[in-house]
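Taking it in order: structure first as structure tokens, then the write-up.
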Amino acid sequence: MCLAAWVKDKTMAEMQKIMDDAGLPFARVMDTAQIVVDPHMNSRRMTVEVEQMLSGTLKMPGTVFKLSQTPGDPFPPASFPGEHNSEIYTELLGYSEVRIAELMEKEVI
């Protein structure tokens with residue numbers, strides 16, 4: 001009998017018990033929809049909610065490694081294209097407001 005035929009009529013809970021009773025390692029592979037609602041995964045912050053300017057609240061993958069002093073969860077969310085243009089043009093490149101207006105009028109930026 002092939003493995004697929006043997007497991008096809010068993011639930012995950014049944015498979016977990018069979019494997020546990022046999023002393024064999026076993027873990028199910030969850031898809032994203034299952035991870036988001038799984039109580040254990042939520043208690044481990046494997047998904048986190050992030051507030052994004054245009055999209056609102058989004059669920060995102062959390063950090064796999066849980067370190068006390070460097071948590072590393074995705075806060076803040078990624079920037080949108082052009083979100084920091086003003087800071088880049090003025091602070092980093094030193095452009096004046098007049099120069100930026102000229103470049104915008106010429107559709108360079």
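Throughout, read-outs are computed from the coordinates displayed, never taken from laboratory work. All values derive from a computational prediction rather than experimental measurement. Cβ: placed from backbone, ideal geometry, glycine included. Neighbour counts: every protein chain shown.
So the values come out like this:
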quantity	calculated
Any hit, the range 93-107, residues being touching a Gly at 6+ places or on another chain (Cβ under 8 Å), exposed (fewer than 13 other Cβ atoms within 10 Å of the Cβ) and free of Cβ contacts under 8 Å to residues at least 24 places away in the same chain	no
Hits in the range 32-67 - residues which are under 27 Å from H84 (Cβ atoms) and not polar (S, T, N, Q)	V48, E49, V50, E51, M53, L54, G56, L58, K59, M60, P61, G62
Residues that are touching a helix residue (DSSP H, G or I) at 6+ places or on another chain (Cβ under 9 Å) and assigned to a helix (DSSP H, G or I), drawn from the range 1-13	V7
Out of S68, S43, sole residue that is surrounded by fewer than 10 Cβ atoms within 10 Å (Cβ to Cβ) and closer than 30 Å to M12 by Cβ	S43
Every residue from the range 31-63 that is under 30 Å from W6 (Cα atoms) and either among the charged types (D, E, K, R) or over 15 Å from the mean Cα position of the chain (by Cα) (or both)	D31, D38, P39, H40
Residue list for the range 52-65, restricted to those being surrounded by 10 or more Cβ atoms within 10 Å (Cβ to Cβ) and part of a loop (DSSP other than H, G, I, E, B)	M53, S55, G62, T63
